[in-house]
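Report on one structure; see the data block that follows.
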Amino acid sequence: MEKSIITALMIVAAIICTVIMFKAIYPAIVRSSGAVVSAERRVSRRMQSEIEIIHAAGELDADGTWQDVNGDGYFNVFVWVKNVGDLRISAVASCDLFFGPEGNFVRIPFEEEAKGSCPYWTWEIENGTDWDPTRTLKITIHFDSTLSSGRYFLRVTTPAGVADDLYFGM
């Protein structure tokens, strides 16, 4: 009889320990699986988002001299970036743009952030209204004076963290 009471108490104690352990571990498992799912979604969106800088050029004449060709009062650098991913890229004005001579580049603010001081950048979609897959974004970087000739670095980064770099000469 003593053995059956002890056995019954041991079974009850084991069940209580199992329930306590389950209540302690299960929420942690649920939270970590939620974090894994969230991270997987972010990675998936990032893999489906992709851009490619397809061309960059300054407002130069045939002799390589800076000219205000479009008559807007600025000396511009034009950049064309293609959405080669599977998703539409929204909040284009929230992209980061880095530009400058190789080894000495800076972040160029968007027009609204620059509040009228140069340099700043603006954008337009070349073949549509939204930056959907296969569409090309034209970025214009406005300067109030000419740039020196040489090799330049350019990086465009989307709000999702997808980026592309280009080195080019002017």
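Brief remarks on what is shown
- The listed residue being among the small types (Gly, Ala, Ser) and either touching a helix residue (DSSP H, G or I) at 6+ places or on another chain (Cβ under 6 Å) or closer than 27 Å to residue 49 by Cβ (or both), out of 148, 90: 90
- Segment 111-124, residues that are of a type in the set (D, E, K, R) and exposed (fewer than 14 other Cβ atoms within 10 Å of the Cβ): 112, 113, 115, 124
- Criterion (in contact with an Asp or Glu (Cβ under 9 Å, 6 or more places away or on another chain), on the phi < 0 side of the Ramachandran plot and assigned to a loop (DSSP other than H, G, I, E, B)) met by exactly one of 85, 73: 85
- Listed by first and then second residue, the pairs with beta-carbon distance under 7 Å, at least 6 apart or on different chains, first residue in segment 78-105 and within 18 Å of residue 161 (Cβ to Cβ), second at pLDDT below 90 and surrounded by 15 or more Cβ atoms within 10 Å (Cβ to Cβ), are 85/49; 87/45; 87/49; 89/49.
- Note on segment 48-77: residues that are more than 20 Å from the chain's Cα centre (by Cα) and touching a residue at least 60 places away in the same chain (Cβ under 8 Å) total 10.
- Scan of segment 21-61 for residues that are open to solvent by 70 Å² or more (accessible area, probe 1.4 Å) and at pLDDT 80 or above, ordered by number: 50, 52, 54, 55
- Among residues of segment 148-160, those that are open to solvent by 30 Å² or more (accessible area, probe 1.4 Å) and either out of contact with any strand residue (DSSP E or B) (no Cβ under 6 Å at 6 or more places or on another chain) or of a type in the set (Val, Ile, Thr) (or both), counted: 4
- Qualifying residue in segment 125-143 (condition: on the phi > 0 side of the Ramachandran plot, in contact (Cβ under 8 Å) with a residue 24 or more places away in the chain and open to solvent by 60 Å² or more (accessible area, probe 1.4 Å)): yes
- Here residue 146 meets each of (1) closer than 21 Å to residue 71 by Cβ; (2) without any contact (Cβ under 8 Å) to a residue 40 or more places away in the chain; (3) hydroxyl-bearing (Ser, Thr, Tyr) with one exception, condition (2).
The values are calculated or read from the model by the stated rules, or taken from the named source; none is laboratory data. Keep in mind that this is a model prediction, so the values were computed, not measured. Neighbour counts run over all protein chains shown; Cβ positions are idealised from the backbone, glycine included. The protein model used for the area step is the full one, side chains on, heavy atoms only, and it has no ligands, DNA or RNA in it. Shrake-Rupley method; radii C 1.70, N 1.55, O 1.52, S 1.80 Å.
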